[in-house]
Amino acid sequence: MARIPLLQLSGISLTFGGDPVFSGLDLVVQPGDRLALVGRNGSGKSTLMKVMAGLVEPDAGEVVLTPGQSVGYMEQDPDLSGFATLGDYAASDLDPGELYRVERAGEGLRFDPARAVETASGGERRRAALAKLMGEAPDLMLLDEPTNHLDIEAIGWLERELGATRAGFVLISHDRAFLRQLARATLWVDRGIVRRQDKGFDAFEAWRDEIWAEEDMQRHKLNRLIKAEARWAVEGISARRKRNQGRVRALQGLRAERAGQIRRQGTADLSLESGPQSGRKVIEAVGIAKAFGARPIVQDFSLTVQRGDRVAFVGPNGAGKTTLLKLLLGEIAPDTGSVRLGTNLEIAVFDQARAQLDPDMSLWESLTGDSDIRVSGKADQVMVRGAPRHVVGYLKDFLFDEAQARAPVRSLSGGEKARLLLARLMARQSNLLVLDEPTNDLDVETLDLLQEILDEYDGTVLLVSHDRDFLDRVATSTVVLDGHGRATVYAGGWSDYVAQRGPDDAVEAPAKPKPTREKPAKPAARKAGLSFTEKHRLESLPGEIERLEAEIAKLETLLADPELFTREPLKFKKATEALVARQGRLVEAEEDWLTLEEKAGG
């Protein structure tokens, strides 16, 4: 017996003054469906979700919700006007008997219901909207980027809640780990077409690439046919003009078909160039501590960052990750301990708050007005990694069209603002990248590209992120802050930390300030002859050596292709340079290990 759909969209067409967003769209959501809604930034995912929620009226077609069923929607930028506090908003439209669900969600998501709306950050507003949705407990939940601005523990709580619910839900998210854990089917929005695959998100990319490969093959065949018919038209039409007009019209039809095809959006042309090589030791922090009043940020923390390291910082919101970054960069002084920066550092920073962007400036002005980007002698050019580039041409590398160049920053979506920040960041040379939440709002394809260029980047990276998949792909070591002043260093990324941590090591939300505990009379046991920093270095070296050996093996396999040099000379050059660099770092790491092991044994 066929199930009654929970929600059905039939013949949906929608246009916003230009090309159609959707045309003739049909979609069915069944009770209990767990759907990932994916697609490039700007493909129409949020618009489709608003149509499903009944907030956007389509130009044609109908949206039918089964009687007796309810739909709840969590948008990216909730409107909290008319409410004094976040708690007032989250509890609105709920019966008293349902308020316990909001309180429970508030605890799991860690938002303060007493926070005044006018002083709440964008992240706090989104958490209130998510708590409101969880309190309403609809039959179908529509969640637009629910993990943005959530820390890893809150994301874990949300995963468990959604995993246990009997309600259906549709998720827009760029957090691969989140989608892999929850989605049982995928809706893919691509150039106005919505396709469905009844498999988890793990199967999405292979499915997408298969469809694109078939599309490329069909386009190739069409181009060959047009070329052949055009040759016939030039060479033979004069002798057969009357009886072959049908074939001429067919050729015109083929050309019209090709012109009507919507080309796929390209990927951003991301590229990083290291400046002059930094010193081998980039940052050395010894026994640093910092507190604000009775609230400790970090206590007795030591860390050595070597050239080429990728160090991730994770922990609950408010634990002090950004403050620790500023301590390590020398922007603020520790209360005790010392921080020494290496030589020849050229630092570039990606700011999670987007504070580097003036909302009233145009994209053009955001590039030409950046004091860290040298402007060429011409008014319409900027210097990009030492070479002059036209402003519009450089913006096109990051998927902005010419009309957007003079548009204000405030008109951009979250993903577009992130791409603009990357454009500013990548216009200049650097050898130390500081990335504070770079993954928010970026689509999967851009995240893949960002990870690839970080892999090839010869400098050092300090990274704050709640994206567990991205951490696993990029980080060589992870610093975990527990919110109570303790910061612990683990080798590898997020999954490595989870495997290594003890039962008491899980990150927790900062509680109310507690008095700073007295230092133990005796230091923790350590290997004889080694300082704390040296002990940590010795423990992390085997993982670093293993990673370098794996990267070298991968590069050697790539370079073993005899056709690579002639087919892709630039890729061959980059791979060769990367191989030499990693071989050098491997030698250094092995020498360090031998030296420290000998010292520990002595």
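The values are calculated or read from the model by the stated rules, or taken from the named source; none is laboratory data. Remember, predicted model here, so these are calculated numbers, not experimental data. Here the Cβ positions follow ideal geometry from the backbone for every residue, glycine too, while neighbour counts run over all protein chains shown.
Among what's in the stretch 389-440 and is out of contact with any strand residue (DSSP E or B) (no Cβ under 7 Å at 6 or more places or on another chain) and among the aromatic types (Phe, Trp, Tyr), pick the residue that is nearest to THR460 (Cα to Cα).
So the residue we want is PHE398.
So which of GLN69, GLN76 is assigned by TED's automatic domain parsing to the domain that holds PHE22, in contact with a strand residue (DSSP E or B) (Cβ under 6 Å, 6 or more places away or on another chain) and either closer than 25 Å to ASP175 by Cα or touching a residue at least 12 places away in the same chain (Cβ under 8 Å) (or both)?
So the residue among GLN69, GLN76 that is assigned by TED's automatic domain parsing to the domain that holds PHE22, in contact with a strand residue (DSSP E or B) (Cβ under 6 Å, 6 or more places away or on another chain) and either closer than 25 Å to ASP175 by Cα or touching a residue at least 12 places away in the same chain (Cβ under 8 Å) (or both) is GLN76.
Can you name every residue in the stretch 444-467 that is under 20 Å from GLN181 (Cβ atoms) and surrounded by 23 or more Cβ atoms within 10 Å (Cβ to Cβ)?
Passing the criteria: SER465, HIS466, ASP467.
Report every pair of residues separated by at least 6 positions or lying on different chains whose Cβ atoms are under 6 Å apart, first residue within the stretch 403-414 and basic (Lys, Arg), second modelled with pLDDT of 85 or more and part of a strand (DSSP E or B).
Here the result reads ARG406/SER362, each pair linking the stretch 403-414 to a residue that is modelled with pLDDT of 85 or more and part of a strand (DSSP E or B).
Just to be sure, is ASN431 within 27 Å of ARG307 (Cα to Cα), buried (at least 19 other Cβ atoms within 10 Å of the Cβ) and modelled with pLDDT under 80?
no
Enumerate the pairs (first residue in the stretch 130-153 and under 24 Å from GLY415 (Cα atoms); second residue anywhere and among the polar types (S, T, N, Q)) with beta-carbon separation below 7 Å, excluding pairs fewer than 6 apart on the same chain, so at least 6 apart or on different chains.
Cβ pairs passing all conditions: ASP144/SER46; ASP144/GLN76; GLU145/GLN76; GLU145/SER173; PRO146/SER173; THR147/SER173; ASN148/ASN440; ASP151/ASN317.
For LEU367, which of the numbered conditions (1) at pLDDT 80 or above; (2) among the aliphatic types (A, V, I, L, M); (3) assigned to a loop (DSSP other than H, G, I, E, B) fails to hold?
(3)
Look at LEU140 and say whether it is under 22 Å from ALA36 (Cα atoms), modelled with pLDDT of 90 or more and touching a Ser or Thr at 6+ places or on another chain (Cβ under 8 Å).
yes
Given (1) under 20 Å from the mean Cα position of the chain (by Cα); (2) at pLDDT 90 or above; (3) hydrophobic (A, V, I, L, M, F, W, C); (4) not in a helix (DSSP H, G or I), identify the lone condition not met by ALA203.
(4)
Assigned to a loop (DSSP other than H, G, I, E, B) and farther than 26 Å from PHE313 by Cβ: is that true of ASP93 in this structure?
Criteria met by ASP93.
Tell me whether the stretch 534-544 contains one or more residues that are surrounded by 15 or more Cβ atoms within 10 Å (Cβ to Cβ), over 26 Å from SER477 (Cβ atoms) and under 30 Å from the mean Cα position of the chain (by Cα).
no
Let's see how each residue does on (1) touching an Asp or Glu at 6+ places or on another chain (Cβ under 9 Å); (2) assigned to a strand (DSSP E or B); (3) at pLDDT 95 or above:
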| site | (1), (2), (3) |
| --- | --- |
| SER278 | yes, no, no |
| ILE288 | yes, yes, yes |
| ALA291 | yes, yes, no |
| VAL298 | no, yes, no |
| GLY308 | yes, no, no |
| GLY318 | yes, no, no |
| THR323 | no, no, no |
| LYS326 | no, no, no |
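Hey, any hits in the stretch 26-34 for a residue that's within 30 Å of PHE398 (Cβ to Cβ) and either out of contact with any helix residue (DSSP H, G or I) (no Cβ under 8 Å at 6 or more places or on another chain) or surrounded by fewer than 19 Cβ atoms within 10 Å (Cβ to Cβ) (or both)?
No; the residues of the stretch 26-34 include none that is within 30 Å of PHE398 (Cβ to Cβ) and either out of contact with any helix residue (DSSP H, G or I) (no Cβ under 8 Å at 6 or more places or on another chain) or surrounded by fewer than 19 Cβ atoms within 10 Å (Cβ to Cβ) (or both).
For THR119, indicate whether it is surrounded by fewer than 21 Cβ atoms within 10 Å (Cβ to Cβ), touching a residue at least 24 places away in the same chain (Cβ under 8 Å) and among the polar types (S, T, N, Q).
no
For the stretch 1-87, which fully contained strands (runs of 3 or more DSSP E) count at least 3 residues that are under 23 Å from the mean Cα position of the chain (by Cα)?
Filter on the stretch 1-87 gives 34-38.
Return a yes/no flag: does the stretch 213-229 have any residue that is among the acidic types (Asp, Glu), surrounded by fewer than 17 Cβ atoms within 10 Å (Cβ to Cβ), more than 30 Å from ALA53 (Cα to Cα) and modelled with pLDDT of 75 or more.
Looking for residues that are among the acidic types (Asp, Glu), surrounded by fewer than 17 Cβ atoms within 10 Å (Cβ to Cβ), more than 30 Å from ALA53 (Cα to Cα) and modelled with pLDDT of 75 or more, one finds at least one in the stretch 213-229, hence yes.
Could you list all residues from the stretch 328-339 that are in a strand (DSSP E or B) and more than 31 Å from the chain's Cα centre (by Cα)?
THR336, GLY337, SER338
Which residue, of LEU447, LEU454, LEU442, is part of a helix (DSSP H, G or I) and modelled with pLDDT under 85?
So the residue among LEU447, LEU454, LEU442 that is part of a helix (DSSP H, G or I) and modelled with pLDDT under 85 is LEU447.
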